[in-house]
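Visitor: Here's a structure for you.
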Amino acid sequence: NGRVIGRHHGLFTKTIGQAASIPGVSGMNGKWYIYAKDPVKNCMYAALGRENPLLFSNDITAGPMHWIAGTAPEFGPDNRLELDAQVRDHISVRFRDAQFGVASGQYLTLYQGDVCLGSAPIGSTTDTASNR
């Protein structure tokens, strides 16, 4: 809801999905977890409880893609993987099951069985709370 619940010692001290020790608040009604950071405002945002929808992502965009074979593999007429990824220079992915703690700057890596197809830095995410 945007209220201040504590102070931090730098945005670099926590990652998305990491438990946040907040003096005077931690332990009250459960653990708090970092779900977003805003470097312009120097703010971290925390959500109460590990199952909070703000901590999970359904959709991400990533790119540019680095394909191990040099080019994107053939995926079929609709250009979709089983994980429902649209392949271009950048990739948009909708996960079948929402993923915990996904953040910009992490890497999306695509596998077919044990074979790595390629990877790309994650540019943006959409949390499950935003998709309702």
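Visitor: Considering only residues of region 65-79 that are modelled with pLDDT under 80 and hydrophobic (A, V, I, L, M, F, W, C), which is surrounded by the fewest Cβ atoms within 10 Å (Cβ to Cβ)?
Guide: Kept after step one, since they are modelled with pLDDT under 80, are these residues of region 65-79: 72-79.
In the following step, the residues that additionally are hydrophobic (A, V, I, L, M, F, W, C) were identified as 72, 75.
On the way: Ala72: 17, Phe75: 14.
Restricting to residues being modelled with pLDDT under 80 and hydrophobic (A, V, I, L, M, F, W, C), the top hit is Phe75.
Visitor: Restricting to region 94-109, count the residues that are under 9 Å from the mean Cα position of the chain (by Cα), within 11 Å of Gly123 (Cβ to Cβ) and not small (Gly, Ala, Ser).
Guide: 1
Visitor: Could you run through region 1-48 and say how many residues are at positive phi and at pLDDT 90 or above?
Guide: Result for region 1-48: 1.
Visitor: Give the residue that is least open to solvent (accessible area, probe 1.4 Å), with candidates limited to residues of region 40-49 that are out of contact with any His (no Cβ under 7 Å at 6 or more places or on another chain) and closer than 13 Å to Ile16 by Cβ.
Guide: Taking region 40-49 and keeping what is out of contact with any His (no Cβ under 7 Å at 6 or more places or on another chain), we get 40-43, 45-49.
After this cut, where a residue has to be closer than 13 Å to Ile16 by Cβ as well, the list is 45-47.
Numbers: Tyr45: 68, Ala46: 28, Ala47: 4 Å².
Residue satisfying both the conditions and the ranking: Ala47.
Visitor: Picking from Ala129, Ala85, which residue would you name as being surrounded by 11 or more Cβ atoms within 10 Å (Cβ to Cβ), more than 30 Å from His9 (Cα to Cα) and modelled with pLDDT under 90? Steps first, please.
Guide: Numbers: Ala129 fails: more than 30 Å from His9 (Cα to Cα).
Answer to the selection: Ala85.
Visitor: Follow-up. Is it fair to say Val93 is outside any loop (DSSP other than H, G, I, E, B), of a type in the set (Val, Ile, Thr) and at pLDDT 85 or above? Give the steps one after another, and end with the answer.
Guide: Numbers: outside any loop (DSSP other than H, G, I, E, B): yes; of a type in the set (Val, Ile, Thr): yes; at pLDDT 85 or above: yes.
Considered against the rule, which asks whether it is outside any loop (DSSP other than H, G, I, E, B), of a type in the set (Val, Ile, Thr) and at pLDDT 85 or above, Val93 comes out as yes.
The values are calculated or read from the model by the stated rules, or taken from the named source; none is laboratory data. On a predicted model such as this, the values are computed, not experimentally measured, just so you know. Don't worry about glycine lacking a Cβ; one is built from the backbone with ideal geometry, like all the others, and counts go over all protein chains shown. The area values use the complete protein model at the heavy-atom level, side chains included, leaving out ligands, DNA and RNA. Shrake-Rupley method; radii C 1.70, N 1.55, O 1.52, S 1.80 Å.
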